Amino acid sequence: MIGNQALATPPPISAPPTDTSTSETGQPAAAQPSKSPGFFEGLSRRSYFLGDIWGLRKELSKHGMTLDIVETSELLGNLTGGVQKGFEYDGLTQVDLQLDTQRALRHYGGTLNVSALQIHGNNLSALNLGTLQTASGIEADRSTRLWELWYQQKYLPEDRLDIKIGQQSLDQEFMVSQNAGVFVNTMFGWAMAPSADLPGGGPAYPLSALGVRARIRPAGSTTVLAGVFNGSPVSRYSGDPQLEDGNGLKFPLNGGTLAIAEVQTLYPALGGMVYDGSSGLLSHTYKLGAYYDTESFADEQDAARQHRGNYGLYGVVDQMIWLSEEDPDRSWSFFARAMSQPQSDRNLIDYSMNAGFVLHDPFPHIQRDDDTFGIGMGFAYVSSGAAALDRDSGLPERSSETFVEMTYQYQYTPWCQIQPDIQYVFNPGGGILNPNGSGERVHDETVVGMRMNILF
């Protein structure tokens with residue numbers, strides 16, 4: 001998930017009010033030379049830092065299009081442990097352009113989406129940490145690349161069916177926890193097990209894959225997601241997959257198939273935070289899913305030996321556990337996600353999980369309705385096949401890695417969030433040796449930093 005941060009909905013664009021007042025000369029005000037409002041006028045209240053971008057958003061809206069530009073910048077560093085200590089800057093600019101076919105072409109229910117990424121800075125996890133569960137959801141190779149390119153069409157009464165076709169990133173819809181989105185660590189987005197085990201890490205940020213996804217709501221509270229995608233986001237599996245397709249324009253269709261399905265139960269049926277006094281129910285979302293990839297997978301102990309196919313199972317829980325009676329913006333929520341890829345002979349990670357608590361509007365007597373506090377953890381278990389390879393190679397056997405994270409998302413303005421963050425990693429890399437040649441395992445790590453999201 002791209003920085004685990006959803007884009008804001010663009011505000012409606014309206015015509016400026018007409019001024020019918022008169023000037024001191026008695027002439028209508030319209031006859032006087034007009035002054036354009038300064039750039040900084042209303043800066044703290046507008047939804048976008050650049051406002052209407054000097055008329056661009058209004059012009060796009062006339063043709064049924066919306067534009068979102070988000071810059072995520074962060075400075076993260078490890079104070080203790082790791083391969084080496086130090087801080088690194090990394091950043092991501094995401095541009096999304098959507099066309100509504102109803103507004104543009106008078107064709108109901110269609111959406112055309114194109115998104116691009118500009119990734120800059122350095123990768124703290126690769127340079128300093130050596131962790132399995134990387135510290136930031138935006139860490140990636142430097143590049144400017146196409147990310148998603150798809151068309152979605154709604155069908156059936158009440159839009160109960162929609163189909164999406166094109167280049168898609170699965171971490172935008174599948175196995176996602178809504179409450180986990182506030183955190184910085186990568187593994188609160190796309191999970192550890194598929195990141196480590198699927199070809200190229202699977203079709204997830206910053207990669208994607210061609211495919212078809214269908215979503216249907218057969219009943220009020222039940223939704224079914226299912227999709228079929230290319231078995232790998234890249235055509236070759238050796239080396240760095242991000243370098244194999246450095247600009248996102250290769251669209252491979254070779255190899256196998258990745259099939260995934262997910263059943264969701266939502267209360268209320270259309271989402272949102274609510275408490276039903278008659279039933280005692282608080283809002284929740286429960287998900288069960290499975291996927292199967294028909295690609296070939298190398299044996300963990302003997303790379304020359306290949307296995308056909310790989311599958312995974314997962315479950316996700318988002319549950320509100322408390323809602324203030326005095327302030328409906330204040331709530332506590334719990335989330336958890338468990339993943340299993342049980343074929344240890346072909347997987348580095350055969351089990352991973354995340355869990356945590358999120359508090360919205362944390363201070364009852366201060367107007368901080370849009371602030372969020374979160375505390376969560378992640379766990380990844382190294383497979384017996386990978387541990388056996390360590391033993392055969394004369395290395396310490398890897399076991400598991402655990403991290404905890406505490407974060408606070410401060411809504412400085414409608415277009416700017418500031419987010420201090422702290423993470424602590426136990427047994428980095430599952431217990432790998434420090435590559436600096438000390439002969440010791442990488443020591444536990446304290447990672448601190450600051451993230452800023454700006455909606456342009």
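The values are calculated or read from the model by the stated rules, or taken from the named source; none is laboratory data. A quick note: this is a predicted structure, and the numbers were derived from the prediction, not measured. Every residue, glycine as well, gets a Cβ built from its backbone with ideal geometry; the counts of neighbours run over all protein chains shown.
Structure notes:
- Candidates Tyr412, Tyr424, Tyr351 - the one that is touching a residue at least 40 places away in the same chain (Cβ under 8 Å) and either among the β-branched types (Val, Ile, Thr) or assigned to a strand (DSSP E or B) (or both): Tyr351
- For region 364-373, the condition holds for at least one residue, the condition being that it is among the hydrophobic types (A, V, I, L, M, F, W, C) and touching a His at 6+ places or on another chain (Cβ under 9 Å).
- Residue in region 214-237 that is without any contact (Cβ under 8 Å) to a residue 12 or more places away in the chain and over 26 Å from Tyr314 (Cβ atoms) present: yes
- Of the listed requirements (1) crowded, with 20+ Cβ neighbours inside 10 Å; (2) under 16 Å from the mean Cα position of the chain (by Cα), Trp150 misses just one: (2).
- Residue that is surrounded by the most Cβ atoms within 10 Å (Cβ to Cβ), among those in region 120-139 that are on the phi < 0 side of the Ramachandran plot and among the small types (Gly, Ala, Ser): Ala135
- Condition check for Val358: more than 26 Å from Leu323 (Cβ to Cβ) and crowded, with 17+ Cβ neighbours inside 10 Å: no
- Of all residues in region 334-348, those satisfying the criterion of being over 21 Å from the mean Cα position of the chain (by Cα) and either assigned to a strand (DSSP E or B) or touching a residue at least 60 places away in the same chain (Cβ under 8 Å) (or both) are Gln341, Arg346, Asn347, Leu348.
- Among the conditions (1) closer than 28 Å to Gln341 by Cβ; (2) surrounded by fewer than 16 Cβ atoms within 10 Å (Cβ to Cβ); (3) among the aliphatic types (A, V, I, L, M), Ala386 misses just one, which is (2).
- Condition broken by Gln343, with the remaining ones in (1) more than 30 Å from Ile375 (Cβ to Cβ); (2) buried (at least 21 other Cβ atoms within 10 Å of the Cβ) satisfied: (2)
- Any hit, region 160-170, residues being part of a loop (DSSP other than H, G, I, E, B), at pLDDT 95 or above, of a type in the set (S, T, N, Q) and within 30 Å of Arg441 (Cα to Cα): no
- If you go through region 293-310 and pick out every residue that is assigned to a loop (DSSP other than H, G, I, E, B) and aliphatic (A, V, I, L, M), you end up with 2.
- Test: residue in region 190-211 that is in a strand (DSSP E or B) and surrounded by fewer than 24 Cβ atoms within 10 Å (Cβ to Cβ): yes
- Index of the failed condition, Gln172 passing every other in (1) free of Cβ contacts under 8 Å to residues at least 60 places away in the same chain; (2) surrounded by fewer than 24 Cβ atoms within 10 Å (Cβ to Cβ); (3) touching an Asp or Glu at 6+ places or on another chain (Cβ under 9 Å); (4) not small (Gly, Ala, Ser): (1)
- Residue under evaluation Gly91, criteria (1) closer than 30 Å to Asn128 by Cβ; (2) more than 22 Å from the chain's Cα centre (by Cα), criterion not met: (2)
- Per-region count, region 392-409, residues within 24 Å of the chain's Cα centre (by Cα), touching a residue at least 60 places away in the same chain (Cβ under 8 Å) and farther than 14 Å from Val382 by Cβ: 4
- Candidates are the residues of region 212-240 that are touching a helix residue (DSSP H, G or I) at 6+ places or on another chain (Cβ under 9 Å) and in a strand (DSSP E or B); the one that is farthest from Arg142 (Cα to Cα) is Arg217.
- Asp350 satisfies every condition listed in (1) touching a strand residue (DSSP E or B) at 6+ places or on another chain (Cβ under 6 Å); (2) closer than 16 Å to Ala380 by Cβ except (1).
- All positions within region 50-61 that are crowded, with 17+ Cβ neighbours inside 10 Å and in a loop (DSSP other than H, G, I, E, B): Gly51
- Entry remark, region 442-456: residues being closer than 15 Å to Asp390 by Cβ and either of a type in the set (Ser, Thr, Tyr) or surrounded by fewer than 18 Cβ atoms within 10 Å (Cβ to Cβ) (or both) number 0 in total.
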